[in-house]
1. Taking the Cβ of residue 78 as the center, what net charge do the other residues with Cβ under 12 Å away carry, scoring Lys and Arg +1 and Asp and Glu -1?
2. Kindly provide the trypsin sites (Lys or Arg not before Pro) of the range 31-119 that DSSP labels as loop, not H, G, I, E or B, and whose Cβ sees at most 16 other Cβ atoms within 10 Å.
3. Among 84, 33, what is the fewest-to-most ranking by other Cβ atoms within 10 Å?
4. Between residue 72 and residue 41, what is the label-point separation in nm under the 7 Å Cα-to-beta-carbon projection?
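No lab work stands behind these numbers, since they all come straight from the coordinates. Everything numeric here is computed off the predicted structure, so don't read it as measured data. Positions of Cβ are generated from backbone atoms using ideal geometry, with glycine treated the same way; all protein chains shown enter the neighbour counts.
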Amino acid sequence: MSCPGAIAKVVGFHGVEVNETGNNTGANRRVVIRVYPNPVNRALAVSYELAQPSPVECRIYDITGRLVRTLFKDGQDPGSQSLIWDRKDDARQTVRAGVYFVKLITARGKAQAKVVVLN
């Protein structure tokens, strides 16, 4: 059974699964984001599935909620998608060790994953 904010673990991937109810259809919507490796030393893979074409926005925030990097903001085709975060902020500086949040917004809903960055 899945509930809002439940942590999903699939073969080394860690993410957050969020269920939302659509306004128009009342159908249950779900977005699952997977991040690997976690904790991360160098680069982080962010994976997700799109059932249909969708606008996608993926952002990285630090523990204080400050926007660190807009990783992606555009439309994407359906299917398996993957983004890579190179541990750089929007100014192209390598971020410090600490806790960060990957937030994904699609037409189907939102999801976030907590990531630990090591030196």
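1. Working: positive: 108; negative: 49, 77.
Residues near residue 78 contribute -1 overall.
2. Answer by residue number: 42, 66, 92, 96.
3. The order, fewest Cβ neighbours first, is 84, 33.
4. Distance between the two pseudo-spin positions: 2.6 nm.
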